[in-house]
Every structure is written in C-alpha cells, then in structure tokens.
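**Q** Dropping the structure in here first, questions after.
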Amino acid sequence: MLWRISRGNIFLRQVEIDEPLEDPATGHEIYKTVFVAFFQGDELQNRIKKICAGYHASLYVCPSSLPQRNEMLKGVSTRLEDLNLVLNQTQDHRQRVLVSVAKELQNWSIMVSKMKAIYHTLNFFNMDVTKKCLIGECWVPTKNIPAVQKALSDGASACGSSIPSFLNVINTSEDPPTFNRTNKFTRGFQNLIDSYGVASYREANPALYTIITFPFLFAVMFGDVGHAIVLVCFGGYLVIAEKKFMGKKSSSEIFNIFFAGRYIILLMGIFSMYTGFVYNDIFSKSMNIFGTRWSVNMNKSQALKNELVDLNPSFDYAGTPYFIGVDPVWQLAKNKIVFLNSFKMKLSIIFGVSHMIFGVCVSIINFVHFRKYSSIILEYVPQILLLCFLFLWMVVMMFMKWIMYSAVTREMGNEVKFGTSCAPLVLIYFIDMMLFKQPDEVKHCEKYMFEGQQELQYALVFGALACIPVMLLAKPIFIQCTRRMKPNVRSNGDVNQAVEFEENPESEEKAPLPHHEEAEEPISEIYILQTIHTIEYVLGTVSHTASI
C-alpha cells in the first residue's frame, strides 16, 4: 500500500518481534512488527500517516542526527530496565501476598458465606417507622418457639445492642406451611415423598409408612441374596462413616444423592436378602439348605438316557413343601422361567393391590381429623368399592386357583376337573369379565371355578361402574345442597373466631386449625376439580395395576 501511494518513491524496512506482547485491554498475546519508512515531501508524509492510522499502527518520532538517535536509544533502554525491575518486584510482592492469603482463604470463605447468609436473611425483614429496628414475620413450629426466643436474646447480648429483641406470636386463620420433623434416619424417606408432592397442613404423612413399604416392594422386585449383600455393605459403609462424609463438602451430585439415601439403600438390601432367601436366589443360583422335596424315581441307566426328565408330582414329590421359599429343584427345571415369572407376577399383583387399598384407607385419617365425615361416604366408600370389586376380586381368584387346583392326581372322580389341564388363567378371566365375555370351553373342564361365578362377576362389574358417577357427582351435589340450606356461612377470617383462639392458646395446640371449606370456591370449580380427581383415580388404579 505504501509503495502504491508513493509510486515507488519510498524506502521501507521491517522486522518481526520474536517475543509476543500482552494486550493491556484483553490480556491476550499479540505479535508485532517494527518497520521504518524513508521518504521525501510533506504531501507524502500526510499520506503515509493516513495509511498508518488506518492499520492502527503506532508512530514514533525518529531524530534526524545520529547522536540524538543514540541518546534516544539509551533513554528507551533505561526505561525498559526500570519497567522490568518494577514488574519483577510487583510479581514477587504478589506471590508473597497470595501465599499469605492462601493460609487464611478457607477461614475467609467461611466468614464470607456467613455474612452473605446473614444479609440474605436480613433482606427478608422490614424497617419500622423509626428505621431503628427490623421486623420479620415467619412460620415457626410451636416446639421451637423457646429456642427462637433464646437465640434472639443471645444475639442481642452478643452484639451489645441497647434495644432487646422480642418475639410475638400472631394468630392467623391462614393454613401454615407443612413442616415434618425428621431425623437422619427418616430424612431420606421424607425427601422421597416430598419429591412427589407435599401434604397439606396436618394431613397424614405417608413417609412413615414408606419406611417399610418402599424397601419391601423394591425387595419383591429385586430378590437376590448376593446382590442384596452388596447393597447392605454399601449402605452400611455410608451409615458407619456418615460423620466423616458429613465433615467433607462433596461436589459430586451423584454421591450426595447416594449419601442422602444411605438408610434407604441399607433397608432395601436387608429386605432384598429376605426376599432373595424366599426366592432361593443368590447371584441367580439356588441354595439347597433344607433338602429338596423332589426325587427321581428311576435307576441310573434310565436317568442317563434322558437328557431332560419331567418330574411327576404324583410319584416324585414327597407331599410336604420346601421348608421356606422356592424348592431348589426348580433351578434345573426346563419350565423354571415360566413358573417363577408367573409366581412373582402374582405376588406383585397381590402386594400392589394391597398397597393401593392401604393408601385409600389412609385417607380416612384425614377425613376424621378435618371432620369431613361426608367425604367418607361420598369419596372413600366408592373408591374402596371400585378397588375391591375389580382388582381385589382378581387377587381372590388367584388364591382360589392355588387352593382348588393341584398338579397331583386325585384318587377321587375330580382329578381332571381340578388338575393342571383345567387350571384357569386368572388374567384371561379378568379380561373376559371386563368385556362381558364367556371363557372358551375346554373338554372335560368347567368354564368357571364355581357355580354362580359369572353372575357374581357381572354384579361386581356393574357395581364398579356405578361407583364412578357417585365419585363424580355425589360430593358436588352435596356441597350445593348444603349451601342452599345454609346460605350465610361464616368464613375462616371471622373476628370472633380469632378472639377465641387468642383467649385459649392451649386449645389451639390440641384442636386443629380451621380448614378452608369447599364453600369458599365457586360450584363450577368444585365440579371441575371433582371430575379431574375422579378421572385421575380411575385411570390411576387401572394403570398402576397394569404396570404391576
């Protein structure tokens, strides 16, 4: 560019700087090139300056005489030495400061965290009129009120404040937030329940029952003594060394999840050891502890000729079951998978339906506590009847099949009727019952397990279908009729009611706080909520049973 604008009337020399320079604005390393240009005339000088300004080049004045240039070079060299000396001294001083700071960094981090927590908490407070005191409102458990008062007095005395801190209990008709007191054992189970949803104030806390039901249902699905020992060892190590892990702040999110659920893992392992002992499984191998109840009634030559032997329960079975759990002979049976899968599926359905019925029964505690006796008849009764008419009947058919049918040939005249060839499929029975179909006829077998089963199943299906409109409409209609009978219902925010609670604080602890009634909501919203609740319950029971 310089050659073109000067038409060749310029002498240029350039040299690249080997060492990169640090950009003071960004801190990045940049490479520079030094060039010198010789020319004549003021007009050409102006053109060269414009080109240099366009390419962001830095211009330096060069003296015309040699002594001046030598003097200028000495001055630049002296300044470079001074700057290098200052930089070295600064770097040494920074190193000493950082070494001294590193010794106190952890303490300073703790102090900063405490100060940030204090200011974060103080930001929730409000200033009073005189701007000398801070006023804060919060929910406090009743048992913790003395501890809060003591903390306020200790804080005021520690900081030497002339104004004492005090606590006033304010009565309100609002529902407080749910607080469940936990310890290190129950905290993991409570967090598990809270991940699905937090119960309303003073409702029954399902975490108490989850301590047993959750690890047991896990053990039903994961019954193996070998794998359970691994879980017990891992959970036991976390429990024994919990103080060591609590003192360390781990940044691993996965480890923190495992450590928070250490007692859950330990219980899951213990329960899995029990169910694995019942399933007779240890790393998918059977244990012959009490001796099998089956025997092969043939000589050695006959046994060697047959690679697979079908054991006949009429001759090869001792007649008494294995002492506990599954007989180890099933490990060698060719129909092992069919038998065990069917057995475990039936067990899971039995425990799953029992668990669903128990969950519905727990709702009675809430209805009685909040004195919603009408909900027991209008909600609980149709819900429990729907479960019993459909899914509990399926469980009953499983037990009837186990009791009535046997693989052992009977000496009486019903050996075919109650043999393995006539044993019904409970799932097919249940599907035919829902579709109002009759099972297929099998030669020498009865269609149903007992007389009158078809009529009974029709009655159960119609009864279950009748429960759905009751759950859908009964409660909204009852609330609507109650409003017409009592149009002037006093709300929770009544002044006299608040005065009653203030005069007798002891009764406030014993009696439940007033709960918001459905009368506060429009009747249209009640119908919508009841419809959603009914659909969710009916589809939930079906999907839960299907997933089992």
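**Q** Just to be sure I understand the model, the point goes 7 Å from the Cα along the line to the Cβ. What's the resulting LYS243 to SER524 distance in nm?
**A** 6.4 nm
**Q** At 7 Å along Cα-to-Cβ for each site, give me the label-to-label distance between VAL36 and VAL61 in nm.
**A** The two pseudo-label positions are separated by 1.8 nm.
**Q** Which whole-number value in Å² is the accessible area per residue of region 202-314, probe 1.4 Å?
**A** Normalised by residue count, the accessible surface of region 202-314 is 63 Å².
**Q** A follow-up question, please. Given LYS116/LYS249; LYS300/LYS443; LYS346/LYS447; LYS49/LYS74; LYS150/LYS249, which pairs have Cα atoms separated by over 28 Å?
**A** Those over the limit are LYS300/LYS443; LYS150/LYS249.
**Q** On the principal axes of its Cα set, how long, how wide and how thick is region 135-275? Give whole Å, largest value first.
**A** Rounded to whole Å, the extents work out to 66, 37, 22 Å.
**Q** Match the structure shown to one of the listed values [x] 55; [y] 41; [z] 21 of percent of Cα pairs over 44 Å apart, computed from it, and give that label.
**A** Structure-derived value, by its label: [x].
**Q** Out of the total accessible area of region 267-307 (probe 1.4 Å, heavy atoms of protein only), what percent is carbon and sulfur?
**A** C and S fraction of accessible area: 59 percent.
**Q** With each label point set 7 Å from Cα along the Cα-Cβ vector, what nm distance links ASP194 and ILE170?
**A** About 2.4 nm, to one decimal.
**Q** Which length gain, in nm to one decimal place, applies between ARG202 and LYS50 when the Cα-Cα distance is subtracted from 0.36 nm times their residue separation?
**A** Residue separation times 0.36 nm, minus the Cα-Cα distance, leaves 46.5 nm.
**Q** For region 186-197, what does the Karplus curve 6.51 cos²θ - 1.76 cosθ + 1.60, with θ = phi - 60°, yield as ³J(HN,Hα) per residue in whole Hz, taken in order and with x for Gly and Pro?
**A** My calculation for region 186-197 gives 8, 5, x, 5, 5, 5, 5, 5, 5, 5, 8, x Hz in order.
**Q** Can you send over the solvent-accessible area of THR213, 1.4 Å probe, protein chains only, in Å² to the nearest 10?
**A** 40 Å²
**Q** How would you order 320-331, 16-27 from highest to lowest mean count of nearby Cβ atoms within 10 Å?
**A** Result, highest mean first: 320-331, 16-27.
**Q** Of all accessible surface on region 4-138 at a 1.4 Å probe, what whole percent is carbon and sulfur?
**A** On region 4-138, the fraction of accessible area on carbon and sulfur atoms equals 57 percent.
**Q** For region 188-246, what is the per residue volume of the convex hull drawn over the alpha-carbon atoms, in cubic angstrom?
**A** 111 Å³
**Q** Can you grab the distance from the C-alpha centre of region 203-233 to the C-alpha centre of region 415-452, Å, no decimals?
**A** Cα centres, region 203-233 to region 415-452: 36 Å.
**Q** Can you give me the Cα centroid spacing of region 235-308 and region 127-141 in angstrom?
**A** A separation of 56 Å, based on Cα centres.
**Q** Give me the distance between the Cα centres of region 335-355 and region 370-384, rounded to whole Å.
**A** Centre-to-centre (Cα) distance: 32 Å.
**Q** Separate question: At a 10 angstrom cut-off on C-beta neighbours, averaged per residue, how do the peptides 472-478, 97-103 rank from highest to lowest?
**A** Packing order, densest peptide first, comes out as 472-478, 97-103.
**Q** Continuing with this model, one more query. Per residue, what volume in Å³ does the convex hull of the Cα atoms of region 1-112 enclose?
**A** 160 Å³
**Q** Restricting to DSSP H runs of at least four residues, report the calculated mean residue ellipticity at 222 nm for the chain, -39500 (n - 2.57) per run over all residues, nearest 500 deg cm²/dmol.
**A** Value at 222 nm, helices only, nearest 500: -18500 deg cm²/dmol.
**Q** Contour minus end-to-end for GLU104 and LEU304, with contour as 0.36 nm per residue of separation and end-to-end as the Cα-Cα distance?
**A** Full extension from GLU104 to LEU304 adds 64.0 nm.
**Q** For ILE17 and MET127, calculate 0.36 nm times their separation in residues minus their Cα-Cα distance, and state this gained length in nm to one decimal.
**A** 33.3 nm
The values are calculated or read from the model by the stated rules, or taken from the named source; none is laboratory data. Since this is a predicted model, take the numbers as computed values, not measurements. All Cβ positions, even for glycine, are placed from backbone atoms using ideal geometry, and neighbour counts span all protein chains on display. Surface areas here come from the heavy atoms of the whole protein model, side chains and all, with no ligands, DNA or RNA. Shrake-Rupley method; radii C 1.70, N 1.55, O 1.52, S 1.80 Å.
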